[in-house]
Each structure stands twice: as C-alpha cells, then as structure tokens.
Ligand code: PMP
C-alpha cells in the first residue's frame with residue numbers, strides 16, 4: 001500500500017490553493033505535477049554543472065555529458081531496450097511520431113503503401129501521417145471501435161494487405177481510458193510482417209513498459225506526463241530499423257564528416273539528435289523515472305486502478321451521468337445531462353477542481369462518439385478518494401445550478 005500523504009509531500013504544488021480552495025488536480029492526462037527531486041536535480045545541474053554536452057574537452061562539459069548519457073541509460077532500463085543506441089531523445093511524443101512518419105516514411109513508404117491507425121488516436125498520431133500523405137500518396141486505414149470503446153480486433157485483422165507497411169496505435173486512450181491489448185496487436189501485425197509503433201504517452205505513467213517483451217518496433221512517450229519536465233520525450237526504435245532510416249533533422253551532432261560535397265551520419269542514436277539537446281531536461285526525466293521506479297508499478301497500478309474504479313462507481317451515482325469508454329486505468333471521460341462540457345469544467349475550476357474539457361486532441365474519436373467534447377478527470381499516483389469525493393460533490397453542485 002502506498003502512503004499517499006507522504007507521496008503528496010514530494011509535490012509542493014499539491015498543497016496550494018486556487019480561489020481560496022485546496023487544489024484538486026485531476027488533469028494528469030494533460031500533464032503531471034513534478035516531485036521536488038526532479039526540479040532539484042535540474043536546478044542543481046543549471047547552477048553547478050551547466051555546459052554543452054558531447055563537444056567539450058573541459059571538465060564541466062564532460063560532467064554534463066555523463067549526466068546526459070546516464071539519463072539515456074535510465075530510459076533504456078525503464079523501457080527495457082537492448083541498447084542505448086535505440087533510445088532517441090526528442091521533445092515529446094509528438095516529435096517522436098513525426099520523426100518516424102518522416103524518416104521511416106522516406107525509407108519505407110511509397111505511393112500506394114498503407115499505414116493502419118485506429119479511431120482512438122490523438123491528433124499527434126494522425127496528422128504526421130497526413131503530412132506524409134501530402135508528400136507520398138500513402139493510404140491511411142483506420143481500425144474502428146466497438147460501442148464499449150475498445151478496438152475491433154476482427155476488423156483490424158481485415159485491414160492488413162500486402163501493401164501495409166506500418167501500424168501505429170496508442171497503448172492507452174487519452175479519452176476513453178482503454179488499455180489496448182498491444183501485445184496481441186503487435187503479434188497480429190508481425191504475422192503480416194508489419195512493424196508497429198506504440199504511442200505510450202498515456203501508458204508510461206501507469207504501466208510498466210517492456211519493449212522487448214512487447215516486441216514493438218517503435219515506442220514513444222513524453223517526459224512531462226510521467227512526472228518529468230516538459231520539452232523532453234523519448235523514441236525507442238529497433239536498431240535494425242533505425243539503421244535503415246535517414247536522419248530527421250540536420251545540424252550539429254548528427255553528422256560523421258561534413259563537406260560541401262558529401263556528408264556522413266553519426267552512429268545511433270546521435271544520427272537522430274541534431275543540435276544541442278535539452279540535457280538538463282534529460283537529467284530531470286531520468287530522476288522522474290527513478291522516482292516512479294522506486295515506488296514501483298505494482299503499487300502504482302493497484303492504487304490508480306482502485307481509485308479509477310471508485311471514481312467510476314461514485315460518478316455513476318450522479319443522475320444523467322454518461323461515461324464514455326471503459327476507463328481501464330486513470331482516465332474517465334463524461335458528460336452530465338445537457339450541461340455543456342466547457343460550463344461544467346469552468347464551474348468545477350471555481351471549486352478548485354482542475355479537469356480538462358473539449359475534444360482532447362481526438363476529434364475523429366469525438367465524431368465516432370457523436371459528441372463535441374467531454375469533461376475528463378485523469379488520475380496520478382498522488383490522487384486520493386477524498387479528491388474523487390470532492391469532484392462528485394462539485395458536479396452535484398453544478399448540476400443544481402442548471
Ligand atoms: N498521444 C497521446 C495518447 C496523448 O495523450 C498525448 C498528449 N495529450 C500525445 C500523444 C502528445 O503528447 P505531447 O503533447 O507531450 O507530445
């Protein structure tokens with residue numbers, strides 16, 4: 001059992017008030033709060049170590065480089081990759097997916113080739129493929145959803161063809177809270193010799209990731225959703241694929257030798273890391289992953305799943321409550337009667353309760369559900385049943401105003 005009160009003390013922001021009320025932060029799907037150790041590690045690096053990485057012979061540069069490369073090893077361990085050559089630092093999930101769409105696309109996707117997505121993808125796993133489509137006439141196929149908000153795996157099986165080159169799919173839906181059976185999906189795709197990209201943005205804070213056990217070909221996540229800093233993320237890729245892909249951006253660090261006649265590329269992972277990386281953020285990310293790992297996913301999952309079950313049950317007591325999707329873990333999307341999601345979110349905010357409203361960057365999913373948006377409560381390891389009770393009471397108060 002987690003000592004939640006002790007954990008909450010690691011996150012100073014949770015003790016603050018908004019509008020004179022204690023903050024109830026239930027917008028963790030958008031971004032998580034940061035434990036003091038993450039901020040301290042970054043402050044310490046800026047104040048005592050700061051120097052550009054990789055390029056310096058001097059002491060500070062070497063120390064900063066050691067921290068940066070140690071962070072890469074921490075990420076490797078976190079996702080259980082074979083080698084740090086397979087861990088590319090990016091700005092976040094969005095950049096990771098854009099990198100694959102652009103670079104894998106250039107290497108492997110030709111006119112008439114097909115990419116399979118699903119109806120529950122975030123825009124960041126839709127639009128990069130459309131941008132590619134504007135350059136190469138690829139076909140985007142979409143796996144439909146069942147009415148329960150799960151992927152229709154039979155329909156998915158029928159989407160594969162001899163032209164399918166990649167399947168890109170989210171692990172956990174940021175709207176429905178569905179945990180997709182990605183291991184089965186990857187096996188199905190591999191039976192058709194199709195590689196798979198997993199968008200793990202909503203999985204990384206809640207579930208253990210093991211890229212070797214999953215056998216995924218790419219996996220992307222963002223630091224800021226897993227208690228780390230903003231502006232840093234990860235792309236895992238199988239070395240055999242990354243080796244065959246061209247660089248995504250050009251500049252310093254990603255090169256071997258440069259001349260005006262001919263330029264060669266650096267080895268992995270640096271081939272995909274042009275320019276000065278956010279080496280302070282990578283230190284913060286590593287500290288965040290260490291923080292999560294020290295608590296451990298068994299305890300995190302037990303707490304968050306219990307909290308999500310409790311919240312679903314309490315929310316269902318509210319008349320005219322409609323919950324969208326199965327909320328397998330940490331995300332509950334809902335509407336109450338005909339109260340507009342924006343009104344509900346705004347009035348909850350006045351009670352100190354932070355939730356998200358709108359389409360959650362998943363407009364095609366909203367079309368599938370036949371709605372414009374939802375209110376979304378999303379939990380993290382520091383949330384409590386008392387906070388769920390405050391949310392339920394808040395919704396009741398808003399309901400009485402309408
Ligand atoms: N995919 C999913 C499932 C997400 O929830 C998000 C963030 N809401 C993203 C991708 C994009 O992440 P980021 O904005 O950190 O790049």
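The simple spin-label model puts a point 7 Å past each Cα toward its Cβ; for residue 322 and residue 302 those points are separated by 3.8 nm.
Of the listed peptides 371-379, 177-185, what is their order by residue-averaged count of other C-beta atoms within 10 Å, with the highest listed first? Spell out each step's value before the answer.
Numbers: 371-379: 23.9, 177-185: 20.4.
Per-residue mean Cβ counts within 10 Å order the peptides as 371-379, 177-185.
Where the alpha-carbon atoms of the chain are placed on the principal axes, they occupy 72, 55, 34 Å, in descending order.
Distance between the pseudo-spin-label points of residue 1 and residue 157 (7 Å out from Cα toward the beta carbon): 4.5 nm. Just how far, in whole angstrom, is the range 65-117 from the range 315-377 if you go by their alpha carbon centroids? Result: 32 Å between the Cα centres.
In terms of surrounding Cβ atoms within a 10 Å radius of their Cβ, 27, 152, 217 rank from fewest to most as 152, 27, 217. Within the range 7-159, antiparallel bridges make up roughly 40 percent of the DSSP beta bridges whose residues both belong there.
Given R0 = 56 Å, the distance between the Cβ atoms of residue 401 and residue 258 translates into a calculated FRET efficiency of 0.30.
Ordered by the count of other Cβ atoms within 10 Å of each Cβ, fewest first, 110, 303 give 110, 303. Relative to the longest principal axis of the Cα atoms of the chain, the long axis of helix 182-191 lies at roughly 40 degrees.
Calculated mean residue ellipticity at 222 nm for the chain: -12500 deg cm²/dmol, from DSSP H runs with n ≥ 4 weighted as -39500 (n - 2.57), summed, divided by the residue count and rounded to 500.
With contacts taken as Cα pairs under 8 Å and at least 6 residues apart, the range 264-402 reaches a relative contact order of 23 percent. For 169, 216, the sequence from fewest to most other C-beta atoms within 10 Å is 169, 216.
Multiplying the residue separation of residue 137 and residue 70 by 0.36 nm and subtracting their alpha-carbon distance yields 20.0 nm.
Only the coordinates and a few stated rules stand behind these numbers; no lab work does. None of these values were measured; they are calculated from a predicted model. Methodologically, a virtual Cβ is constructed for each residue, glycine included, from the backbone with ideal geometry; neighbour enumeration extends over all protein chains shown.
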